[in-house]
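Step one of this worksheet: look at the structure below.
The values are calculated or read from the model by the stated rules, or taken from the named source; none is laboratory data. Everything numeric here is computed off the predicted structure, so don't read it as measured data. Cβ placement follows ideal geometry from the backbone for every residue including glycine, while neighbour counts extend to all protein chains displayed.
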Amino acid sequence: MVVVSQQVDENFAHTKTCKPASNIFTEIPEVDLLDPDAKTLIVEACKEFGFFKVINHGVQMEFIARLEDEAMKFFNLPQQEKEKSGPPNPFGYGDKKIGPNGDVGWVEYLLFSTNSGKLILPGISESFWSFVNEYLSAMRNLACEVLEIIAEELKIGPRDILSRLLRDEKSDSCFRINHYPPCPELQHLSCRNLIGFGDHTDPQIISIIRSNNTSGLQIYLKDGTWVSVPPDHSSFFINVGDSLQVLTNGRFRSVRHRVLASSLNSRISMIFFGGPPLTEKVTPLFSIMEQGEESLYNEFTWFDYKKSAYKTKLSDNRLGLFEKS
Ligand code: GA4
(Lines give C-alpha, C1' and ligand atoms only; values in the text may rest on other atoms or scores of the structure.)
Protein backbone atom coordinates (compact mmCIF):
# COMPACT_ATOMS: atom_id res chain seq x y z
CA MET A 1 0.00 0.00 0.00
CA VAL A 2 1.28 3.45 -0.84
CA VAL A 3 1.99 5.52 2.24
CA VAL A 4 -0.34 8.46 1.75
CA SER A 5 1.66 10.69 4.01
CA GLN A 6 4.86 10.51 1.95
CA GLN A 7 3.07 12.04 -0.98
CA VAL A 8 1.14 14.54 1.06
CA ASP A 9 3.50 15.95 3.58
CA GLU A 10 6.80 14.82 4.95
CA ASN A 11 5.94 16.07 8.41
CA PHE A 12 3.03 13.73 8.45
CA ALA A 13 4.91 10.48 8.17
CA HIS A 14 3.02 8.69 10.94
CA THR A 15 -0.49 9.27 9.73
CA LYS A 16 -2.69 6.25 9.90
CA THR A 17 -5.01 4.95 7.25
CA CYS A 18 -7.84 2.55 7.96
CA LYS A 19 -10.15 0.08 6.27
CA PRO A 20 -13.20 1.77 4.80
CA ALA A 21 -16.48 1.57 6.71
CA SER A 22 -19.00 1.07 3.97
CA ASN A 23 -22.14 1.32 6.11
CA ILE A 24 -24.01 4.58 6.33
CA PHE A 25 -25.72 4.78 9.70
CA THR A 26 -29.28 5.30 8.57
CA GLU A 27 -30.93 4.24 11.84
CA ILE A 28 -29.29 7.01 13.78
CA PRO A 29 -31.62 7.91 16.67
CA GLU A 30 -33.06 11.33 15.92
CA VAL A 31 -34.55 13.12 18.89
CA ASP A 32 -36.93 16.04 18.45
CA LEU A 33 -36.59 17.97 21.69
CA LEU A 34 -40.16 19.25 21.30
CA ASP A 35 -41.55 15.72 21.10
CA PRO A 36 -43.05 14.32 24.33
CA ASP A 37 -41.36 10.98 23.53
CA ALA A 38 -37.91 12.60 23.52
CA LYS A 39 -37.12 11.28 27.02
CA THR A 40 -37.61 7.64 26.13
CA LEU A 41 -35.72 7.98 22.85
CA ILE A 42 -32.73 9.67 24.51
CA VAL A 43 -32.38 7.03 27.21
CA GLU A 44 -32.75 4.18 24.72
CA ALA A 45 -30.13 5.76 22.43
CA CYS A 46 -27.69 6.27 25.32
CA LYS A 47 -28.01 2.59 26.23
CA GLU A 48 -27.78 1.20 22.72
CA PHE A 49 -25.35 3.54 20.96
CA GLY A 50 -24.17 6.21 23.42
CA PHE A 51 -24.98 8.54 20.56
CA PHE A 52 -27.92 10.41 19.04
CA LYS A 53 -28.88 13.41 16.96
CA VAL A 54 -30.91 16.31 18.27
CA ILE A 55 -33.29 18.43 16.18
CA ASN A 56 -35.57 21.29 17.24
CA HIS A 57 -32.93 22.24 19.79
CA GLY A 58 -33.72 25.95 19.80
CA VAL A 59 -30.12 27.06 19.14
CA GLN A 60 -29.94 29.89 16.59
CA MET A 61 -28.07 28.78 13.46
CA GLU A 62 -27.10 32.30 12.42
CA PHE A 63 -24.55 32.90 15.11
CA ILE A 64 -23.13 29.42 14.62
CA ALA A 65 -22.45 30.37 11.00
CA ARG A 66 -20.65 33.48 12.22
CA LEU A 67 -18.53 31.42 14.64
CA GLU A 68 -17.71 29.02 11.82
CA ASP A 69 -16.64 31.96 9.61
CA GLU A 70 -14.38 33.28 12.36
CA ALA A 71 -12.87 29.83 12.79
CA MET A 72 -12.25 29.49 9.05
CA LYS A 73 -10.64 32.93 8.99
CA PHE A 74 -8.28 31.69 11.70
CA PHE A 75 -7.47 28.41 9.94
CA ASN A 76 -6.82 30.29 6.68
CA LEU A 77 -4.05 32.36 8.31
CA PRO A 78 -0.43 31.56 7.41
CA GLN A 79 0.90 28.65 9.47
CA GLN A 80 3.34 30.90 11.35
CA GLU A 81 0.47 33.13 12.50
CA LYS A 82 -1.57 30.15 13.72
CA GLU A 83 1.40 28.73 15.59
CA LYS A 84 1.35 31.86 17.75
CA SER A 85 -1.78 30.44 19.41
CA GLY A 86 -0.05 27.13 20.16
CA PRO A 87 1.16 24.67 21.19
CA PRO A 88 -1.86 23.06 22.88
CA ASN A 89 -0.43 22.42 26.34
CA PRO A 90 -3.19 21.47 26.83
CA PHE A 91 -5.06 24.48 25.33
CA GLY A 92 -4.27 26.40 22.16
CA TYR A 93 -3.67 25.73 18.47
CA GLY A 94 -2.53 22.27 17.42
CA ASP A 95 -1.59 20.84 14.05
CA LYS A 96 -1.65 17.08 13.36
CA LYS A 97 -0.38 16.14 16.83
CA ILE A 98 -3.18 15.15 19.20
CA GLY A 99 -2.55 14.88 22.93
CA PRO A 100 0.84 14.35 24.57
CA ASN A 101 1.48 10.71 23.62
CA GLY A 102 2.31 10.57 19.93
CA ASP A 103 -1.14 10.47 18.31
CA VAL A 104 -1.47 12.22 14.97
CA GLY A 105 -4.29 12.93 12.55
CA TRP A 106 -5.07 14.89 9.39
CA VAL A 107 -6.45 17.75 11.46
CA GLU A 108 -5.63 21.16 12.87
CA TYR A 109 -7.55 22.50 15.82
CA LEU A 110 -8.09 25.02 18.57
CA LEU A 111 -8.65 23.71 22.06
CA PHE A 112 -10.16 26.03 24.69
CA SER A 113 -10.84 25.67 28.37
CA THR A 114 -14.39 26.83 29.10
CA ASN A 115 -13.61 28.34 32.47
CA SER A 116 -11.17 30.86 31.13
CA GLY A 117 -13.55 33.67 30.20
CA LYS A 118 -10.82 36.22 30.71
CA LEU A 119 -8.02 34.27 29.14
CA ILE A 120 -7.52 35.28 25.54
CA LEU A 121 -5.34 33.00 23.45
CA PRO A 122 -2.80 35.01 21.50
CA GLY A 123 -3.89 35.30 17.88
CA ILE A 124 -7.60 34.93 18.64
CA SER A 125 -9.55 38.06 17.70
CA GLU A 126 -11.99 39.61 20.16
CA SER A 127 -14.95 38.92 17.88
CA PHE A 128 -13.93 35.25 17.54
CA TRP A 129 -13.58 35.02 21.30
CA SER A 130 -16.99 36.52 21.93
CA PHE A 131 -18.67 34.08 19.49
CA VAL A 132 -16.88 31.21 21.23
CA ASN A 133 -18.24 32.33 24.60
CA GLU A 134 -21.76 32.79 23.25
CA TYR A 135 -21.62 29.33 21.67
CA LEU A 136 -20.32 27.77 24.87
CA SER A 137 -23.15 29.10 26.95
CA ALA A 138 -25.67 27.75 24.38
CA MET A 139 -23.93 24.35 24.46
CA ARG A 140 -23.83 24.22 28.24
CA ASN A 141 -27.58 24.92 28.31
CA LEU A 142 -28.29 22.26 25.72
CA ALA A 143 -26.13 19.70 27.52
CA CYS A 144 -27.89 20.49 30.81
CA GLU A 145 -31.31 20.18 29.20
CA VAL A 146 -30.40 16.73 27.87
CA LEU A 147 -28.96 15.66 31.26
CA GLU A 148 -32.13 16.83 33.00
CA ILE A 149 -34.30 14.85 30.60
CA ILE A 150 -32.12 11.80 31.32
CA ALA A 151 -32.42 12.26 35.11
CA GLU A 152 -36.19 12.54 34.81
CA GLU A 153 -36.56 9.47 32.61
CA LEU A 154 -34.24 7.36 34.78
CA LYS A 155 -36.06 8.61 37.91
CA ILE A 156 -32.81 9.26 39.70
CA GLY A 157 -33.76 12.04 42.07
CA PRO A 158 -33.52 15.79 41.63
CA ARG A 159 -33.76 16.88 38.00
CA ASP A 160 -30.37 18.58 38.26
CA ILE A 161 -28.54 15.59 39.74
CA LEU A 162 -26.38 15.40 36.57
CA SER A 163 -26.70 18.90 35.11
CA ARG A 164 -25.43 20.54 38.32
CA LEU A 165 -22.01 19.07 37.48
CA LEU A 166 -21.88 21.23 34.33
CA ARG A 167 -23.60 24.26 35.85
CA ASP A 168 -21.05 24.34 38.70
CA GLU A 169 -18.72 27.30 38.18
CA LYS A 170 -15.82 24.91 38.66
CA SER A 171 -17.10 22.54 35.96
CA ASP A 172 -14.05 21.35 34.04
CA SER A 173 -15.48 21.52 30.54
CA CYS A 174 -13.60 22.25 27.34
CA PHE A 175 -14.23 23.12 23.71
CA ARG A 176 -12.46 22.27 20.50
CA ILE A 177 -12.79 23.40 16.90
CA ASN A 178 -11.37 20.87 14.47
CA HIS A 179 -10.50 21.66 10.88
CA TYR A 180 -9.92 18.71 8.54
CA PRO A 181 -8.46 20.09 5.32
CA PRO A 182 -9.23 18.16 2.15
CA CYS A 183 -6.52 15.75 1.07
CA PRO A 184 -6.74 15.67 -2.77
CA GLU A 185 -3.93 13.09 -3.08
CA LEU A 186 -6.32 10.50 -1.62
CA GLN A 187 -8.24 10.44 -4.90
CA HIS A 188 -5.32 8.86 -6.72
CA LEU A 189 -4.63 6.19 -4.15
CA SER A 190 -6.22 2.81 -3.72
CA CYS A 191 -6.58 3.38 0.01
CA ARG A 192 -8.89 6.35 0.34
CA ASN A 193 -9.31 6.50 4.07
CA LEU A 194 -7.05 8.77 6.00
CA ILE A 195 -7.56 9.18 9.72
CA GLY A 196 -8.51 12.75 10.60
CA PHE A 197 -9.02 12.07 14.31
CA GLY A 198 -8.29 8.55 15.56
CA ASP A 199 -10.82 6.37 17.35
CA HIS A 200 -11.47 7.16 20.99
CA THR A 201 -14.11 7.71 23.63
CA ASP A 202 -14.53 11.08 25.32
CA PRO A 203 -13.52 11.07 29.00
CA GLN A 204 -16.12 13.66 30.10
CA ILE A 205 -19.85 13.29 30.90
CA ILE A 206 -21.38 14.41 27.62
CA SER A 207 -20.15 15.95 24.36
CA ILE A 208 -22.03 17.93 21.74
CA ILE A 209 -20.73 17.86 18.17
CA ARG A 210 -21.76 20.22 15.41
CA SER A 211 -20.14 20.12 11.98
CA ASN A 212 -20.53 21.66 8.55
CA ASN A 213 -22.07 19.51 5.85
CA THR A 214 -18.95 17.40 5.22
CA SER A 215 -19.04 13.74 6.21
CA GLY A 216 -16.28 11.99 8.12
CA LEU A 217 -17.67 11.16 11.56
CA GLN A 218 -18.02 7.45 12.25
CA ILE A 219 -19.16 5.59 15.33
CA TYR A 220 -18.46 2.07 16.51
CA LEU A 221 -21.49 -0.13 17.14
CA LYS A 222 -21.94 -2.90 19.72
CA ASP A 223 -21.69 -5.49 16.93
CA GLY A 224 -18.13 -4.36 16.15
CA THR A 225 -18.80 -2.40 12.96
CA TRP A 226 -17.92 1.18 12.10
CA VAL A 227 -20.71 3.22 10.55
CA SER A 228 -20.63 6.66 8.91
CA VAL A 229 -22.86 9.33 10.36
CA PRO A 230 -24.49 11.44 7.61
CA PRO A 231 -23.57 15.08 8.29
CA ASP A 232 -26.27 17.59 9.18
CA HIS A 233 -25.10 21.13 9.83
CA SER A 234 -28.33 22.22 11.48
CA SER A 235 -28.45 19.46 14.10
CA PHE A 236 -26.31 18.50 17.06
CA PHE A 237 -24.88 15.07 17.76
CA ILE A 238 -24.60 14.00 21.36
CA ASN A 239 -21.98 11.55 22.69
CA VAL A 240 -22.13 9.74 26.01
CA GLY A 241 -18.70 10.13 27.64
CA ASP A 242 -16.83 7.72 29.94
CA SER A 243 -17.95 9.61 33.06
CA LEU A 244 -21.64 9.20 32.23
CA GLN A 245 -21.02 5.49 31.65
CA VAL A 246 -19.67 5.33 35.22
CA LEU A 247 -22.39 7.55 36.74
CA THR A 248 -25.00 5.15 35.30
CA ASN A 249 -22.95 2.10 36.37
CA GLY A 250 -22.60 0.93 32.78
CA ARG A 251 -26.25 1.36 31.75
CA PHE A 252 -25.17 3.97 29.22
CA ARG A 253 -22.17 3.32 26.98
CA SER A 254 -19.58 5.87 26.04
CA VAL A 255 -19.36 5.81 22.28
CA ARG A 256 -16.15 5.07 20.40
CA HIS A 257 -15.88 7.39 17.42
CA ARG A 258 -13.39 8.69 14.86
CA VAL A 259 -13.21 11.05 11.90
CA LEU A 260 -11.91 10.28 8.41
CA ALA A 261 -10.50 13.02 6.22
CA SER A 262 -12.04 13.70 2.83
CA SER A 263 -10.27 14.06 -0.50
CA LEU A 264 -12.44 16.95 -1.64
CA ASN A 265 -14.10 18.84 1.15
CA SER A 266 -12.94 20.65 4.19
CA ARG A 267 -14.69 19.56 7.40
CA ILE A 268 -15.06 21.86 10.35
CA SER A 269 -16.53 20.63 13.61
CA MET A 270 -17.04 22.17 17.02
CA ILE A 271 -17.25 20.02 20.10
CA PHE A 272 -18.27 20.99 23.60
CA PHE A 273 -17.09 18.52 26.26
CA GLY A 274 -19.07 18.81 29.50
CA GLY A 275 -17.02 17.68 32.48
CA PRO A 276 -17.52 17.85 36.27
CA PRO A 277 -15.42 19.87 38.74
CA LEU A 278 -11.98 18.32 39.31
CA THR A 279 -12.76 17.34 42.90
CA GLU A 280 -16.03 15.58 42.00
CA LYS A 281 -16.17 11.82 42.65
CA VAL A 282 -17.14 10.01 39.48
CA THR A 283 -19.02 7.07 40.88
CA PRO A 284 -22.38 5.39 40.11
CA LEU A 285 -25.28 7.53 41.36
CA PHE A 286 -26.68 6.07 44.57
CA SER A 287 -30.20 6.55 43.27
CA ILE A 288 -29.61 4.52 40.13
CA MET A 289 -28.34 1.41 41.90
CA GLU A 290 -30.72 -1.47 42.46
CA GLN A 291 -30.70 -3.32 45.74
CA GLY A 292 -27.49 -5.33 46.07
CA GLU A 293 -26.02 -3.88 42.86
CA GLU A 294 -22.29 -3.22 43.06
CA SER A 295 -20.29 -0.54 41.34
CA LEU A 296 -18.46 -1.81 38.26
CA TYR A 297 -15.67 0.72 38.89
CA ASN A 298 -13.15 1.60 41.58
CA GLU A 299 -13.76 5.00 43.07
CA PHE A 300 -12.04 7.97 41.42
CA THR A 301 -12.35 11.73 41.12
CA TRP A 302 -12.50 13.57 37.80
CA PHE A 303 -8.99 14.83 38.58
CA ASP A 304 -7.73 11.20 38.91
CA TYR A 305 -9.40 10.22 35.66
CA LYS A 306 -8.11 13.18 33.71
CA LYS A 307 -4.59 12.68 35.00
CA SER A 308 -4.69 9.06 33.97
CA ALA A 309 -6.29 9.90 30.58
CA TYR A 310 -3.48 12.26 29.66
CA LYS A 311 -1.03 9.36 30.06
CA THR A 312 -2.91 7.24 27.52
CA LYS A 313 -2.97 7.05 23.74
CA LEU A 314 -6.13 8.21 22.03
CA SER A 315 -7.49 4.75 21.26
CA ASP A 316 -6.75 3.22 24.69
CA ASN A 317 -9.59 1.86 26.80
CA ARG A 318 -9.19 4.44 29.58
CA LEU A 319 -12.06 3.19 31.70
CA GLY A 320 -10.56 -0.29 31.70
CA LEU A 321 -7.96 0.94 34.21
CA PHE A 322 -10.74 1.72 36.69
CA GLU A 323 -12.95 -1.33 36.18
CA LYS A 324 -13.24 -3.72 39.12
CA SER A 325 -11.72 -7.03 38.26
C1 GA4 B 1 -10.45 13.12 23.74
C2 GA4 B 1 -11.64 14.10 23.90
C3 GA4 B 1 -11.23 15.58 23.79
O4 GA4 B 1 -10.97 15.90 22.42
C5 GA4 B 1 -9.95 15.89 24.63
C6 GA4 B 1 -8.84 15.01 24.06
C7 GA4 B 1 -7.44 15.18 24.65
C8 GA4 B 1 -6.56 16.15 23.83
O9 GA4 B 1 -6.74 16.28 22.62
O10 GA4 B 1 -5.67 16.73 24.45
C11 GA4 B 1 -6.84 13.75 24.75
C12 GA4 B 1 -8.05 12.78 24.49
C13 GA4 B 1 -9.28 13.66 24.58
C14 GA4 B 1 -8.08 11.62 25.51
C15 GA4 B 1 -6.69 11.04 25.91
C16 GA4 B 1 -5.58 12.10 25.88
C17 GA4 B 1 -6.20 13.47 26.09
C18 GA4 B 1 -5.71 13.41 23.80
C19 GA4 B 1 -5.11 12.22 24.46
C20 GA4 B 1 -4.31 11.35 23.85
C21 GA4 B 1 -9.66 17.38 24.66
C22 GA4 B 1 -10.09 15.26 25.98
O23 GA4 B 1 -10.54 15.78 26.98
O24 GA4 B 1 -9.67 13.95 25.95
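Among the residues of the range 283-314, the one identified as among the hydroxyl-bearing types (S, T, Y), under 28 Å from F91 (Cβ atoms) and exposed (fewer than 14 other Cβ atoms within 10 Å of the Cβ) is Y310.
Name the strands (runs of 3 or more DSSP E) wholly inside the range 209-325 in which the number of residues that are within 29 Å of E169 (Cβ to Cβ) and aliphatic (A, V, I, L, M) is 1 or more.
236-240, 267-274
The numbered conditions (1) charged (D, E, K, R); (2) in contact (Cβ under 8 Å) with a residue 24 or more places away in the chain; (3) away from the ligand (no atom under 13 Å from the Cβ); (4) out of contact with any helix residue (DSSP H, G or I) (no Cβ under 9 Å at 6 or more places or on another chain) are all true for K311 except (3). Entry remark, the range 179-208: residues being assigned to a loop (DSSP other than H, G, I, E, B) and within 11 Å of the ligand (Cβ to nearest atom) number 4 in total.
Can you say whether N298 is over 23 Å from G157 (Cβ atoms) and in contact with a helix residue (DSSP H, G or I) (Cβ under 6 Å, 6 or more places away or on another chain), as far as the supplied structure shows?
Yes.
When you scan the range 283-298, do you find a residue that is within 14 Å of the ligand (Cβ to nearest atom) and under 23 Å from R140 (Cα atoms), even just one? No, that holds for no residue. Any residue in the range 148-164 that is surrounded by 14 or more Cβ atoms within 10 Å (Cβ to Cβ) and touching a strand residue (DSSP E or B) at 6+ places or on another chain (Cβ under 8 Å)? There is no residue in the range 148-164 that is surrounded by 14 or more Cβ atoms within 10 Å (Cβ to Cβ) and touching a strand residue (DSSP E or B) at 6+ places or on another chain (Cβ under 8 Å).
Filtered by the rule that a residue be assigned to a helix (DSSP H, G or I) and either touching a Gly at 6+ places or on another chain (Cβ under 7 Å) or closer than 20 Å to P90 by Cα (or both), the range 152-178 gives a lone residue, L166.
Determine whether I238 is hydrophobic (A, V, I, L, M, F, W, C), closer than 30 Å to H188 by Cα and at pLDDT 95 or above. Answer is no for this residue. For first residues located in the range 213-231 and within 21 Å of G105 (Cβ to Cβ), partners that are acidic (D, E) and assigned to a strand (DSSP E or B) and lie 6+ apart or on another chain with Cβ distances below 9 Å form the pairs Q218/D199; Y220/D199; W226/D199. Exactly one residue out of L121, L136 is part of a helix (DSSP H, G or I) and under 26 Å from A309 (Cβ atoms): that is L136. Check whether at least one residue in the range 136-153 is in contact with an Asp or Glu (Cβ under 7 Å, 6 or more places away or on another chain), more than 16 Å from the ligand (Cβ to nearest atom), at pLDDT 90 or above and small (G, A, S), and report yes or no. No, because not a single residue in the range 136-153 is in contact with an Asp or Glu (Cβ under 7 Å, 6 or more places away or on another chain), more than 16 Å from the ligand (Cβ to nearest atom), at pLDDT 90 or above and small (G, A, S).
Whether any residue in the range 218-231 is aliphatic (A, V, I, L, M) and within 16 Å of the ligand (Cβ to nearest atom) is what I want to check. The answer is yes; a qualifying residue exists. Every condition in (1) closer than 27 Å to G198 by Cβ; (2) surrounded by fewer than 18 Cβ atoms within 10 Å (Cβ to Cβ); (3) within 21 Å of the chain's Cα centre (by Cα) is met by N133 except one, and the failing one is (1).
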